[in-house]
Amino acid sequence: MSNQNQSASKIVISILAFAAMSVMVSCGGNSEEVEGTYISFGKDGSVQSRIAESFVPENASENYYDKEELQQSILSQAASYNRNAGNGSITVEKVETKDDMAIVQMIYASPEDYASFNKAVFFIGEASKAAEEGYELNVVLSSIKDASETVGRADVLDMKDAQLLITNVSDAIVLNGKALYVSDNVTVSGNAKTIVRSAEDNGLAYIIFK
């Protein structure tokens, strides 16, 4: 396989594997053009993913991967998924190469599509629905305003006006609201709008937000 093919493949693999990378997100939820990955939500219930990853070939004297080859690899992955899940389930919005950085933006029609395509845990919805789907809710979550204030299963189920996010993704996630309670493996920033699950923790992250 050529170095360019290897480069394109690594970018596609990073989408599937959720490579942990640094990210900067402003308080308003807009990203800076920096190396990193973040996930955000559309008003229509879609999930938007942005990857900005630098890559230097093993042989630095060789040319970097080209945009067309990278785009073809990613479009192939998305098309294969859409053939099974239905057209429009995944949209590749942008594939761009600039200097030594590749930027890929994708839109998933639903959290379920995001979870399925990336082979990840990614639930968003009411706590009662999470319980119906078999998610473990016997957890203790701490208030982001006062860590000594905690809530348990009964409290979580009673928060019918809030959304629950359960995930094993360690990329930054920009919420369409503000985090209220989180599990102890979650870091909150950006005026409570951005959360990151610790990459060193193998457990699920729980976030209550509205």
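Quick note: the coordinates plus some simple rules give every number you see, no bench work behind them. The model shown is predicted, which means the values in this text are computed figures rather than measured ones. Cβ coordinates were reconstructed from backbone atoms using ideal geometry, including for glycine residues, and neighbour counts include every protein chain displayed.
As a size descriptor, the averaged projected area of the C-alpha convex hull of region 121-209 was calculated at 5.2 nm². Extension gain for ASN138 to GLU126 (0.36 nm times residue separation, less C-alpha to C-alpha distance): 2.8 nm.
A full extension of the chain between LEU75 and ASP99 corresponds to an added length of 6.5 nm, given 0.36 nm per residue minus the alpha carbon distance. Across all Cα atoms of region 37-191, the radius of gyration (one decimal) and Dmax (whole number) stand at 18.7, 60 Å. What is the calculated FRET efficiency for ALA199 to ALA147, with r their C-beta to C-beta distance and R₀ = 25 Å, to the nearest 0.05? Efficiency at R0 = 25 Å is approximately 0.70.
Extension gain for the segment LYS67 to ASN176, taken as residue separation times 0.36 nm less the Cα-Cα distance, is 36.1 nm to one decimal. When only the Cβ of Lys, Arg, Asp and Glu is charged (+1, +1, -1, -1), the dipole of region 111-210 relative to its Cα centre reaches about 260 debye.
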